[in-house]
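Quick one: the structure is below, and I'll ask about it shortly.
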Amino acid sequence: MSTREIRIYQDLMGQNEVWARKTRDVIAQKRLFMINLIGAPGSGKTTLVENMVSHLAGTLRFAVLEGDVATTRDAERLDALNVRVSQLLSGGACHLEAKLVHAALIDFALDELDLIIVENVGNMVCPAEFDIGEHAKIAVLSVTEGEDKPLKYPLLFREAKAVVITKLDLLPHLTFDLQACRDNIRKVNAGIPVFEVAAKRNEGIDAWIKWLATQRRAVAESATVT
Amino acid sequence: MHEFAICQNIVAAAEVEYARVSPPPRRLLRLRVVAGGLHQIVPEYLTQAYVVLTSDSPLAGSALELAILPVKAQCRRCAWTGQIELPIFQCGACDSFEVDVIQGKELRLESLEVDTP
Ligand SMILES: Nc1nc2c(ncn2[C@@H]2O[C@H](COP(=O)(O)OP(=O)(O)OP(=O)(O)O)[C@@H](O)[C@H]2O)c(=O)[nH]1
Ligand SMILES: [Mg+2]
Ligand SMILES: [Zn+2]
């Protein structure tokens, strides 16, 4: 037997990256801001988007890509609110890949939009590994999950450009230490904005919407320059 | 659990590269992969996924060798660079949390070791 070593030196996410780049090109050209909501199952991602609908009206024109393993319930919830929504089925996978997102994205009338919201499959680990061409991964963490989660899932909180802490209305019933949670986020990713919301009570959404509008304006302005 | 998803990418990339090797090897002996510490890969889970995912592919029977690179950061305040201990992203000199990761996100297919005719 003779052995031979063949050097490859190749990025393992290369194939995903090809599609992520196509999406980046499209959203830059169309001056869209694109976010990727990532959080545990039930952390409140869809409820957050539902609550955003009325606040976004007149501010940003948006569409939603709903990622789920197999069901269409979340897309139906948004469809009921007359949101432009497209259902992505990951086919058993625990995350969305760039190719699937790209195919659905280009089906929207992108000239009529400012913001693309992707709700990833409920999972704090795998979606953080897969770039889908978004501007910003957003970590969504509910207060029922515990203040230690930023330390347990550092990749997600490190990759995130902002954190939305959800279900603040439940705080009186829990031992969740909000300040410790903020500190834990800072230890992993100092300086990223943290938004604290209670979507069920329509509280705390304004600052989050304002941040999105600012980000979208920055994207549109940088597109004008180049 | 993300080891399975990562391994699907490893196997897909390795199958393409292996098919390109000329002259066609008798078999693949070893696959070398480099992963940054930020991915928090549990080596045993990755190996188990590799066995399952290659069971009826040309890669079957090969060994997956994983090298993990420690996470390194650079401080924005004092320019210190060095290794950090996950999950705390903090400067080793001035204790600032304003640091940039300079190593630890890698995910790379390094090399194939083949049995040649
Ligand atoms: N009390 C309270 N409950 C909330 C809030 N937001 C969401 N919930 C509840 O939490 C549960 C899960 O909410 P969803 O919005 O479906 O969570 P999700 O993250 O989209 O879940 P998956 O898509 O399945 O991962 C539902 O029962 C919601 O009613 C909130 O602000 N306060
Ligand atoms: Mg949902
Ligand atoms: Zn420093």
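If you scan the stretch A:159-168, which residues turn out to be within 18 Å of A:TRP208 (Cβ to Cβ) and crowded, with 18+ Cβ neighbours inside 10 Å?
Those that are within 18 Å of A:TRP208 (Cβ to Cβ) and crowded, with 18+ Cβ neighbours inside 10 Å: A:ALA160, A:ALA162, A:VAL163, A:VAL164, A:ILE165, A:THR166, A:LYS167, A:LEU168.
For a quick check of your reading of the model, give me the residue pairs whose first member lies in the stretch A:90-116 and is over 21 Å from A:GLY39 (Cβ atoms), whose second is among the hydroxyl-bearing types (Ser, Thr, Tyr) and part of a loop (DSSP other than H, G, I, E, B), with beta-carbon atoms closer than 9 Å and at least 6 apart or on different chains.
Pairs that qualify, where the first residue is over 21 Å from A:GLY39 (Cβ atoms) and the partner is among the hydroxyl-bearing types (Ser, Thr, Tyr) and part of a loop (DSSP other than H, G, I, E, B), are A:ASP114/A:THR59.
Name every residue in the stretch B:93-111 that is more than 13 Å from every other protein chain (Cβ to nearest Cβ) and of a type in the set (Lys, Arg), in order of residue number.
Residues satisfying the conditions do not exist here.
In the stretch A:1-38, what count of residues is obtained for those that are without any contact (Cβ under 8 Å) to a residue 60 or more places away in the chain and either away from chain B (no Cβ under 14 Å) or of a type in the set (Gly, Ala, Ser) (or both)?
3
Enumerate the helices (runs of 4 or more DSSP H) found wholly within the stretch A:1-114, keeping only those where 3 or more residues are more than 26 Å from B:LYS105 (Cβ to Cβ). Break it down into steps so the answer makes sense when it comes.
Working: elements: A:14-29, A:45-56, A:73-79, A:98-105.
Ranges flagged: A:45-56, A:73-79.
Right, next: Run A:GLY122 past the list (1) within 14 Å of chain B (Cβ to nearest Cβ); (2) within 16 Å of ligand 2 (Cβ to nearest atom); (3) under 25 Å from A:GLY14 (Cβ atoms) and report the number of the one that doesn't hold.
(3)
Check off (1) surrounded by fewer than 19 Cβ atoms within 10 Å (Cβ to Cβ); (2) touching a residue at least 60 places away in the same chain (Cβ under 8 Å); (3) within 25 Å of A:THR23 (Cβ to Cβ) for A:HIS55 and give me the number that stays unchecked.
(3)
Being within 11 Å of another protein chain (Cβ to nearest Cβ) and either more than 20 Å from the chain's Cα centre (by Cα) or of a type in the set (A, V, I, L, M) (or both) narrows it down to one of B:GLN40, B:GLN90, so name that one.
Details: B:GLN40 fails: either more than 20 Å from the chain's Cα centre (by Cα) or of a type in the set (A, V, I, L, M) (or both).
Exactly one residue qualifies, and that residue is B:GLN90.
Select from the stretch B:72-87 the residues that are within 14 Å of chain A (Cβ to nearest Cβ) and either out of contact with any Ser or Thr (no Cβ under 8 Å at 6 or more places or on another chain) or within 16 Å of ligand 2 (Cβ to nearest atom) (or both) and list them in ascending order.
Residues satisfying the conditions are B:ILE84, B:GLU85, B:LEU86, B:PRO87.
Sticking with this one: Among the listed residues A:LEU156, A:LEU141, A:LEU171, A:LEU115, which satisfies the condition of being aliphatic (A, V, I, L, M), surrounded by fewer than 17 Cβ atoms within 10 Å (Cβ to Cβ) and modelled with pLDDT of 95 or more?
Matching residue, one of A:LEU156, A:LEU141, A:LEU171, A:LEU115: A:LEU171.
Sticking with this one: Conditions first: (1) more than 26 Å from A:ASN189 (Cα to Cα); (2) out of contact with any Pro (no Cβ under 8 Å at 6 or more places or on another chain); (3) facing another protein chain (nearest Cβ under 10 Å). B:PRO25 passes all but one, so which condition is the exception?
(2)
Okay, moving on. Tell me whether the stretch B:74-88 contains one or more residues that are closer than 22 Å to B:SER22 by Cα and of a type in the set (Asp, Glu).
Scanning the stretch B:74-88, I find no residue that is closer than 22 Å to B:SER22 by Cα and of a type in the set (Asp, Glu), so the answer is no.
Quick grid of which residues meet (1) of a type in the set (A, V, I, L, M, F, W, C); (2) away from chain B (no Cβ under 14 Å); (3) within 12 Å of ligand 1 (Cβ to nearest atom); (4) over 24 Å from A:TRP208 (Cα atoms):
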position: A:ALA40; (1), (2), (3), (4): yes, no, yes, no
position: A:THR46; (1), (2), (3), (4): no, yes, yes, no
position: A:MET52; (1), (2), (3), (4): yes, yes, yes, no
position: A:ALA70; (1), (2), (3), (4): yes, yes, yes, yes
position: A:ARG73; (1), (2), (3), (4): no, yes, yes, yes
position: A:LEU81; (1), (2), (3), (4): yes, yes, no, no
position: A:LEU100; (1), (2), (3), (4): yes, no, no, yes
position: A:PRO127; (1), (2), (3), (4): no, no, yes, no
position: A:ALA136; (1), (2), (3), (4): yes, yes, no, no
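Among the numbered criteria (1) of a type in the set (S, T, N, Q); (2) within 14 Å of chain B (Cβ to nearest Cβ); (3) more than 14 Å from ligand 2 (Cβ to nearest atom), which single criterion is violated by A:SER90?
The single condition A:SER90 does not satisfy is (3).
The values are calculated or read from the model by the stated rules, or taken from the named source; none is laboratory data. Bear in mind that the values here come from a model prediction, so they are computed numbers and not experimental data. Quick reminder, even Gly has a Cβ in these numbers, built from the backbone with ideal geometry, and neighbours come from all protein chains shown.
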